[in-house]
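Asks: Below you'll find the structure I mean.
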Amino acid sequence: MKRVYQTSEFDRIEKTYNFIFPTEIREFFSYGMPTGKYFYNWRDFSEENIEKINGFQKNIEDAFIFDLEHNDLAGDFKDKFPKAKDEKELKKCVLDYLHASPKLIPFYAHRCFFDGLDDMPMVSFWQPTDSPICGINFIDFIESEFFNKHKETSKEEDEQIEKKLQKTGIWKDIVF
């Protein structure tokens with residue numbers, strides 16, 4: 001089977017958008033590029049598309065700021081940042097934590113993968129207070145999302161997900 005993406009094309013995409021594809025997504029894209037209304041077009045290097053994809057990160061930050069100001073997200077982090085002397089400092093600590101964590105990279109609609117992290121859960125991001133897991137890993141996400149194989153996770157799978165999320169910084173506190 002002919003590969004769709006070449007290494008140089010992946011390099012250009014990653015450099016343009018400042019992230020690294022996880023191995024399983026790079027492999028998937030090397031054989032096929034999903035298209036459609038809700039998929040992101042990584043091959044489109046127009047200013048408009050670059051702004052759209054990079055704007056996703058800005059939307060995440062804006063959502064955090066909104067939830068910090070209106071949904072008491074900062075209160076969820078009081079125990080994590082006990083030295084924060086007031087709400088303003090606590091909000092700054094949470095945003096610094098967000099910026100130090102792996103970025104969420106959009107894949108399909110609000111479904112995202114983690115920047116450069118292999119074999120991780122796929123998550124849906126609307127607001128920090130509404131960021132559920134959409135798949136235990138990329139393959140599970142594809143099966144659940146596109147082949148309607150939704151299933152409840154077992155206790156063992158939940159433990160596996162929780163362990164995987166330990167590498168994700170703020171997302172381990174938000175998603176699980």
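FYI, it's all coordinate maths here, none of it is from the lab. These numbers were taken from a predicted model, which means no experiment stands behind them. Virtual Cβ from ideal backbone geometry, glycine too; neighbours counted across all protein chains shown.
Asks: Would you check if there is a residue in segment 83-106 being free of Cβ contacts under 8 Å to residues at least 24 places away in the same chain, more than 24 Å from Phe39 (Cα to Cα) and among the β-branched types (Val, Ile, Thr)?
Replies: No, there is no match, as no residue in segment 83-106 is free of Cβ contacts under 8 Å to residues at least 24 places away in the same chain, more than 24 Å from Phe39 (Cα to Cα) and among the β-branched types (Val, Ile, Thr).
Asks: Filter segment 110-127 down to the residues that are more than 15 Å from Phe19 (Cβ to Cβ) and over 11 Å from the mean Cα position of the chain (by Cα), then identify the one that is surrounded by the fewest Cβ atoms within 10 Å (Cβ to Cβ).
Replies: Per the stated criteria, the residue is Asp119.
Asks: Next question. Look through Phe147, Phe138, Phe81, Phe77 and report the one residue that is aromatic (Phe, Trp, Tyr) and within 17 Å of the chain's Cα centre (by Cα).
Replies: Phe138
Asks: Something else now. Mind checking which pairs have a first residue in segment 52-72 that is closer than 24 Å to Ile13 by Cα and a second that is among the β-branched types (Val, Ile, Thr) and not in a helix (DSSP H, G or I), Cβ under 9 Å, 6 or more apart or different chains?
Replies: Ile53/Ile105; Phe56/Ile105; Gln57/Ile105
Asks: Those residues that are out of contact with any strand residue (DSSP E or B) (no Cβ under 8 Å at 6 or more places or on another chain), surrounded by 14 or more Cβ atoms within 10 Å (Cβ to Cβ) and aliphatic (A, V, I, L, M), I need them from segment 10-62; list them, please.
Replies: Answer for segment 10-62, where residues must be out of contact with any strand residue (DSSP E or B) (no Cβ under 8 Å at 6 or more places or on another chain), surrounded by 14 or more Cβ atoms within 10 Å (Cβ to Cβ) and aliphatic (A, V, I, L, M): Ile13, Ile20.
Asks: Restricting attention to segment 132-176, and to residues there that are small (Gly, Ala, Ser) and farther than 15 Å from Pro102 by Cα, which single residue is surrounded by the most Cβ atoms within 10 Å (Cβ to Cβ)?
Replies: Gly135
Asks: Quick one: how many residues across segment 104-137 are under 26 Å from Lys15 (Cα atoms) and part of a strand (DSSP E or B)?
Replies: Matching residues across segment 104-137 total 12.
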